[in-house]
Amino acid sequence: MDKSAKIYVAGHRGLVGSAITQNLEQKGYGNLLVRTHSELDLTDQNAVAVFFAREKPDYVFLAAAKVGGIHANYTYPGEFIRENLLIQTNVIHEAYKHNVKRLLFLGSSCIYPKFAPQPMEEGHLLSGPLESTNRPYAIAKIAGIEMCWSYNRQYGTKYLAAMPTNLYGPGDNYHPENSHVIPALIRKFHEAKIWNKPSVTVWGTGTPRREFMYSIDMADACIYLMNLPDEKFRDLLGNEAETGAFEPPLINIGVGEDITIRELAELVARSVGFSGTLVFDTSKPDGTPRKLMDSSQLRRMGWHPTVSLEQGLEAAYSDFAARQV
């Protein structure tokens, strides 16, 4: 991507989009397109069409989505599937109509089957049933991958789907009910420390294993992918039309190691400075037993994460604490 290229970051205020925007700015990209939800509702087909016709971006990072943790996915399944399908359909189609050079569609590790072999490879897509608690969201994201795949085959577009592992970092959503596990734990432990509570309750048994990546690392990987030479980028898009093989335009982004939720909770407690006890509410759902991404394809290409979980948690808590002032 040329430094003067017009780059649209959809969802620039979210965890993923804000990290990508910040990383692009730090790398010297000075022609960024961003719109708040009030300025551009991506579920509105006409509004998206007008935006693309007027602005004509060269590259698109599709990071806009309705996201949330287990509670939010379980409570609002209709909203999760409807809004995500609308957002990605509108953006991907208008990108095609207005000759966007490359598009990166951001998904989630929940696209893989609940009992997929570990670590989860790109080829495990559609190989088994999904985790029920976030199936509507996962199906929407799978549809986004298929849409990228289909447009590449029919129209010759260059749309790649990147599946990051569980993310956390600056700008995260710390809502007490609708956030993901790390921001939820940060808030719980912070409030317990402030209010001198003797214990904190954590959902589930604490035994599921999860992989976590700092959002700034993820953003760096996304920009690395979008800057690949044409030949290497095309290789990631698959060649199903010629080979007949199952080759979705899909690449995993992860750190390559996971920990249990109990271990994570203990790490967060130390980062926040909470010294009380942990209580696990086993009546609450655990979700998928394990979700570890196989990101070896990206590593072979030369990209590696740089922020450890301990470092990332300290930075994330600093960001959260600064917002409380």
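Miscellaneous remarks
- Single unsatisfied condition, Gly123 versus (1) surrounded by 20 or more Cβ atoms within 10 Å (Cβ to Cβ); (2) within 21 Å of Gln297 (Cα to Cα): (1)
- Within the stretch 34-65, the set of residues being within 20 Å of the chain's Cα centre (by Cα) and either buried (at least 19 other Cβ atoms within 10 Å of the Cβ) or under 23 Å from Lys158 (Cβ atoms) (or both) comprises Val34, Arg35, Leu42, Tyr59, Val60, Phe61, Leu62, Ala63, Ala64, Ala65.
- Any hit, the stretch 297-307, residues being assigned to a loop (DSSP other than H, G, I, E, B), under 24 Å from His190 (Cβ atoms), at pLDDT below 95 and in contact with a strand residue (DSSP E or B) (Cβ under 6 Å, 6 or more places away or on another chain): no
- Residue in the stretch 12-43 that is farthest from Tyr214 (Cα to Cα), counting only those that are touching a residue at least 60 places away in the same chain (Cβ under 8 Å) and assigned to a loop (DSSP other than H, G, I, E, B): Lys27
- Residue within the stretch 266-281 that is among the β-branched types (Val, Ile, Thr), in contact with a Ser or Thr (Cβ under 7 Å, 6 or more places away or on another chain) and not in a strand (DSSP E or B) present: no
- Selection status of Val279, touching a residue at least 12 places away in the same chain (Cβ under 8 Å), hydrophobic (A, V, I, L, M, F, W, C) and exposed (fewer than 14 other Cβ atoms within 10 Å of the Cβ): yes
- Strands (runs of 3 or more DSSP E) wholly inside the stretch 187-256 containing at least 1 residues that are loosely packed, with under 15 Cβ neighbours inside 10 Å: 199-203
Residues are listed down the side, and each one gets a yes or a no for (1) modelled with pLDDT of 95 or more; (2) more than 30 Å from Lys97 (Cβ to Cβ); (3) over 19 Å from the mean Cα position of the chain (by Cα); (4) of a type in the set (Asp, Glu):
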site	(1), (2), (3), (4)
Lys197	yes, yes, yes, no
Val200	yes, yes, yes, no
Asp217	yes, yes, no, yes
Met226	yes, no, no, no
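The values are calculated or read from the model by the stated rules, or taken from the named source; none is laboratory data. Note that the coordinates shown come from a computational prediction; the quantities given were computed from them, not determined experimentally. Don't worry about glycine lacking a Cβ; one is built from the backbone with ideal geometry, like all the others, and counts go over all protein chains shown.
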